């Protein structure tokens, strides 16, 4: 049975060239996972073709980390990943670790630096990582073609066929056929469609009988509405370290106010655990009991006014907004004049600012897609589909998503390497 992507492939197949080219492996997608699958397989002597639909390879690599590519993390554990099967990622992460990738980076002489929470970034440019991958691919004769839209995927249905899959590809004005023994789906997901994100991998999975879990935007800014949106517009550009909690998860990182709502690392992290209608709790003084802090200040800085005292810790514009929200008549009150009840109320508000985002910014700005190809249908030790020999899924297309901090790249390296060993 022919398996087609979202085009009229019956018509397209009629205009295909009758002849086909054969490869051991075809990789769909020249992102991080696809390139790593390709170079790993080619190092085993396999003849590999990588097909990329956009005009250039590794777009998300280039834009990641503000152009510096947070390529992995020094501390990588299964708890850093989200999946319906939290154990699925363990085998691949153990087979190809962060230390293996760091060794590759060092072997290529790429300068990198460690930032907080063990995050590793290029010192110069994300191009260093992409160039390293392309150099590795060239050294083992991986063939990479861009502007290639996969339009037909057809499993071999003849006994004794020399190939398992036939792939139809639109390349400019021509329509070409490629045969392969193994097909690696590294098409990415729905996040940042301008960088090539699409649902193609899900279509392939479903048409081969694999399940696809519910998908939504992850590592994505929040939007606010009404008075809260107006407040965030006034505070746009202000950042501060906070703790944000939702549904039993919490992170301490910077929060950034934007014209649309809230962003920054802490918001991106907690967005993975938020669903529409959920409330988030923001602790503006992580690690501090604000009531005790204010009570001590009442004794130590008795004559200082509340607004001035808070201005020592927070931006003055944020203090003004907090005052308007929570204590409109107390800003000019000296700390000594605040009652225990008032101090308790103010402290509670500082430690737990509860609000409901109206939505996220969606796939347009999301760094990952949560959910994906159901791992129940994929072997964790090989990335091969359980019911279809030679069909592999790697990277973001799978229902495995990492926290912010280099974990999604490490999943790309680990899952790509694993598939490359067996494809």
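Got the relative contact order for the range 222-360 handy, in percent, Cα pairs under 8 Å and 6 or more residues apart?
On the way: 237 pairs, mean separation 41.5, N = 139.
RCO, the range 222-360: 30 percent.
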**Prompt:** Picking from 359, 227, 334, which is most flexible by a Gaussian network model of the chain using Cα springs under 10 Å?
**Reply:** 227
**Item:** Value of relative contact order over the range 288-423, rounded to a whole percent, pairs C-alpha under 8 Å and six or more apart
**Value:** 20
**Complete:** Between the Cα axis of helix 98-107 and the main Cα principal axis of the chain, the angle (0 to 90°, nearest 10) is 70
**Fill in**
Expected unfolding gain across residue 333-residue 289 under the 0.36 nm per residue rule, minus the alpha-carbon gap, is 13.7 nm
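Mind checking the alpha-carbon convex hull of the range 316-423 and giving the volume per residue in Å³? All intermediate terms of the calculation are to be shown ahead of the outcome.
Numbers: hull volume 18.9 nm³, N = 108.
Considering the Cα atoms of the range 316-423, their hull volume per residue is 175 Å³.
Determine the percent antiparallel among the DSSP beta bridges restricted to the chain, to the nearest 5.
Roughly 70 percent of the DSSP beta bridges within the chain come out antiparallel.
Contact order normalised by length for the chain, with contacts defined as Cα pairs under 8 Å and 6 or more residues apart; what percent is it? Kindly include the intermediate steps, with their values, before the conclusion.
Values: 951 pairs, mean separation 103.8, N = 423.
25 percent.
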**Message:** Checking a compactness column here: for the chain, what do you get for Rg(Cα) / (2.2 N^0.38 Å), N being the number of residues?
**Reply:** 1.17
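At a temperature of 20 °C and a viscosity of 1.002 mPa s, determine how fast the range 137-205 diffuses translationally according to Stokes-Einstein, using the Kirkwood radius over alpha-carbon pairs as Rh; express D in µm²/s, rounded to the nearest whole number.
Values: Rh = 13.8 Å.
The Stokes-Einstein estimate is 155 µm²/s.
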**Request:** As a check on your grasp of the helix formula, calculate [θ] at 222 nm for the chain: sum -39500 (n - 2.57) over DSSP H runs of n ≥ 4, divide by the residue count, round to the nearest 500.
**Result:** -9000 deg cm²/dmol
**Fill in**
So the angle from the long Cα axis of helix 127-139 to the longest Cα principal axis of the chain, reported in degrees to the nearest 10, equals 20
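Could you give the C-alpha radius of gyration of the range 101-238 expressed as a fraction of 2.2 N^0.38 Å, taking N as the number of residues it contains? Please report the intermediate quantities before stating the final value.
On the way: Rg = 21.6 Å, N = 138, 2.2 N^0.38 = 14.3 Å.
Dividing the Cα radius of gyration by 2.2 N^0.38 Å gives 1.51.
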**Request:** Give the value in nm², to one decimal: projected area of the alpha carbon convex hull of the range 222-360, averaged over all directions.
**Result:** 7.8
**Asked** In what order do 316, 116, 53 fall by count of nearby beta-carbon atoms within 10 Å, going from fewest to most?
**Response** 116, 316, 53
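Would you order 422, 202, 363 from fewest to most other beta-carbon atoms within 10 Å of each residue's own beta-carbon? Working shown, then result.
Details: 422 16, 202 23, 363 19.
The order, fewest Cβ neighbours first, is 422, 363, 202.
So between residue 230 and residue 125, what do we pick up on full extension, going 0.36 nm a residue minus the alpha carbon distance? Don't skip to the answer; put the middle values down first.
Numbers: separation 105, 0.36 × 105 = 37.80 nm, distance 3.64 nm.
My answer for the length gained is 34.2 nm.
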**Asked** Hey, fewest Cβ within 10 Å first, where do 325, 398 land in order?
**Response** 325, 398
**Asked** Can you give the angle from 0 to 90° between the axis of helix 290-300 and the longest principal axis of the chain, with both taken from C-alpha atoms, to the nearest 10?
**Response** 40
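Let me know the volume per residue of the alpha-carbon convex hull for the range 74-176, in Å³.
Details: hull volume 20.8 nm³, N = 103.
In the range 74-176, the Cα hull volume divided by residue count equals 202 Å³.
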**Message:** Quick check: convex hull over the Cα atoms of the range 208-263, volume per residue in Å³, rounded to an integer?
**Reply:** 130
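Based on the Cα gyration tensor of the range 22-142, what are the three equivalent ellipsoid semi-axes, each the root of five times an eigenvalue, rounded to whole Å and given largest first?
Numbers: eigenvalues 112, 72, 40 Å².
Equivalent ellipsoid of the range 22-142: 24, 19, 14 Å, largest first.
With N residues in the range 244-298, what two-decimal value do you get for its Cα radius of gyration over 2.2 N^0.38 Å?
Working: Rg = 13.2 Å, N = 55, 2.2 N^0.38 = 10.1 Å.
Taking N as the residue count of the range 244-298, the ratio is 1.31.
No lab work stands behind these numbers, since they all come straight from the coordinates. The shown structure was predicted, so the numbers you read here are calculated from the model rather than taken from an experiment. No Cβ is skipped: glycine too gets one built from the backbone with ideal geometry, and neighbour counts run over all protein chains shown.
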